[in-house]
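The values are calculated or read from the model by the stated rules, or taken from the named source; none is laboratory data. Just so you know, these numbers come straight off a predicted model, no measurement behind them. Reconstructed Cβ throughout: ideal geometry from the backbone, glycine too, with neighbour counts over all protein chains shown.
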Amino acid sequence: MDAGYVSAIAALTGSVIGGLTSLAASWLTQHAQFKAQQFTHDVGRREELYRDFIEEASRLFTDAYASNAAEPAKLVNLYALISRMRILSSPRVVEHADQVVRVILETYLAPNKTFADLHEILDNQTLNPLREFSIACRDDLRR
């Protein structure tokens with residue numbers, strides 16, 4: 001073979017390898033950026049879901065202290081939020097969400113409380129049924 005051909009083939013091979021390396025590096029960078037964006041989006045969705053659940057559960061828990069009229073229609077949104085959690089969240093978060101709903105239902109079935117009655121139960125865990133749920137959510141978002 002002529003030295004000119006060897007030189008030309010070597011130059012073309014080097015260009016192809018350089019182009020493929022550049023393409024691979026670009027693809028890996030794009031892939032890593034997409035994964036990071038997807039992760040950020042997923043965390044944002046779960047944060048919004050947890051916030052909505054905490055707001056709804058707090059509203060219903062407060063209502064349960066003052067009322068014995070547990071209307072199933074009031075709980076629909078809460079159960080819908082738990083169903084969304086079953087898709088997006090860890091089993092631990094869903095388990096604690098179920099416990100919150102049980103506490104709310106038990107509170108509806110218990111005798112009504114007045115504001116003065118709250119003073120007696122300030123140190124009781126049932127006053128804050130969302131504490132363990134919040135801790136589980138924080139751990140879920142950190143993982």
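Assorted remarks:
- Flag if Asp63 is in a helix (DSSP H, G or I), closer than 16 Å to Asp140 by Cβ and of a type in the set (Asp, Glu): no
- Glu95 fulfils the conditions (1) at pLDDT below 85; (2) closer than 22 Å to Ser134 by Cα except for a single criterion, (1).
- Filter result (surrounded by 15 or more Cβ atoms within 10 Å (Cβ to Cβ) and in a helix (DSSP H, G or I)) within the stretch 66-76: Lys74, Leu75
- The criterion of being under 22 Å from Ala136 (Cα atoms) and touching a Ser or Thr at 6+ places or on another chain (Cβ under 8 Å) holds for Arg46.
- Criterion: part of a helix (DSSP H, G or I), under 24 Å from the mean Cα position of the chain (by Cα) and surrounded by fewer than 10 Cβ atoms within 10 Å (Cβ to Cβ) - qualifying residue of Ile87, Ile82, Ile54: Ile87
- Taken residue by residue, the stretch 58-70 has at least one member that is within 14 Å of Leu130 (Cα to Cα), of a type in the set (Gly, Ala, Ser) and modelled with pLDDT under 95.
- Inspection of the stretch 29-49 finds no residue satisfying the criterion of being under 30 Å from Arg84 (Cα atoms), surrounded by 10 or more Cβ atoms within 10 Å (Cβ to Cβ), small (Gly, Ala, Ser) and in contact with a Leu (Cβ under 9 Å, 6 or more places away or on another chain).
- Filter pass, Arg51 being within 29 Å of Ser89 (Cβ to Cβ) and in contact (Cβ under 8 Å) with a residue 40 or more places away in the chain: no
- Subset of the stretch 105-143 [at pLDDT below 70 and hydroxyl-bearing (Ser, Thr, Tyr)]: Thr126
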